[in-house]
Structures are given as C-alpha cells and as structure tokens.
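Everything below concerns the one structure shown next.
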Amino acid sequence: MFEAHAIGCNAVSWAPAARAGSLLAVSNTGGGRSPPVKRFASAGCDNIVKIWGFSEETQAWVEEDVLEGHTDWVRDVSWAPNIGLPRSYIATASQVSFSFTQFFLLPSKSARMCESGSFADAGPR
C-alpha cells in the first residue's frame with residue numbers, strides 16, 4: 001500500500017499491456033515479445049493525474065510522471081487502448097465543468113497536454 005494522492009484518489013486506469021509502438025517496431029530480441037507493461041494512471045483530489053510503473057528491480061510501484069493542468073479534483077481517468085500505435089492517450093475528467101483533457105505519452109515516457117475543452121462548449125447553441 002502506498003499514498004498516491006495526499007487527500008484522496010478518485011479513479012485508476014490500467015495501461016494497455018502492449019507497449020506503445022510495440023507492434024510497429026522491429027524486435028531486437030530475436031523475434032520474441034516484449035514483456036507486458038505494468039503501468040497505471042491515478043486521478044486525485046489534488047488536481048493531478050499520476051503515472052505509476054512497476055519496478056522489477058525494487059518490486060514496488062514508482063511514480064513515473066505527473067500530469068498537471070486541471071483546476072479542481074480529477075474525477076476520472078481512462079487509458080485508451082493503443083493497439084500498438086506509437087503513442088498512448090489518457091482521457092481525464094475534472095470536477096469543474098466536466099472538462100475533458102487528453103494527454104499523450106511518447107515511448108520515452110514524457111507526457112504533455114495535447115487538447116483541453118469542456119463538455120459545456122460542445123452543447124447546443
């Protein structure tokens with residue numbers, strides 16, 4: 001057990017088991033499959049989403065990245081299936097105006113915000 005978010009965690013989403021880009025890349029291991037990804041995202045009451053990875057060396061979950069940008073509690077997080085595409089997408093929804101934010105992770109594990117909006121913006125005019 002570990003403390004992911006100081007004042008509470010609202011949601012978690014497991015990453016796809018295949019690494020981003022793994023179906024498109026040529027394997028250097030003699031044609032063998034790469035080991036499954038052990039990673040998840042957590043959404044918290046601290047307005048952030050954290051990416052966690054399992055360290056085989058320490059046999060513990062370690063924080064890999066922090067995705068910021070929400071101005072209120074992050075209520076939900078969902079890691080989209082990547083089906084071997086070169087990047088992964090994470091959708092999040094916050095407390096304020098049901099905002100919808102997408103982040104993408106490059107194979108290098110660096111994250112950045114790529115799109116943000118509000119469900120209210122998409123309503124009838």
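Between residue 45 and residue 63, the contour length at 0.36 nm per residue exceeds the Cα-Cα span by 4.8 nm. Each Lys or Arg adds one and each Asp or Glu takes one away; over the other residues whose Cβ falls under 14 Å from the Cβ of residue 61, this sums to -3. Under 5 Å from the amide H of residue 76 lie the amide H atoms of 93, each residue being 5 or more positions distant or on a separate chain, with H modelled from the backbone and absent for Pro and chain starts. Listing 54, 40 from fewest to most neighbouring C-beta atoms within 10 Å gives 54, 40.
Any read-out appearing in this document is the output of simple, stated calculations on the displayed coordinates, not a laboratory observation. As the structure is a prediction and not an experimental result, all values here were calculated from the model. When we count neighbours, we look across all protein chains shown, and the Cβ atoms used for this are built from the backbone with ideal geometry, even at glycine.
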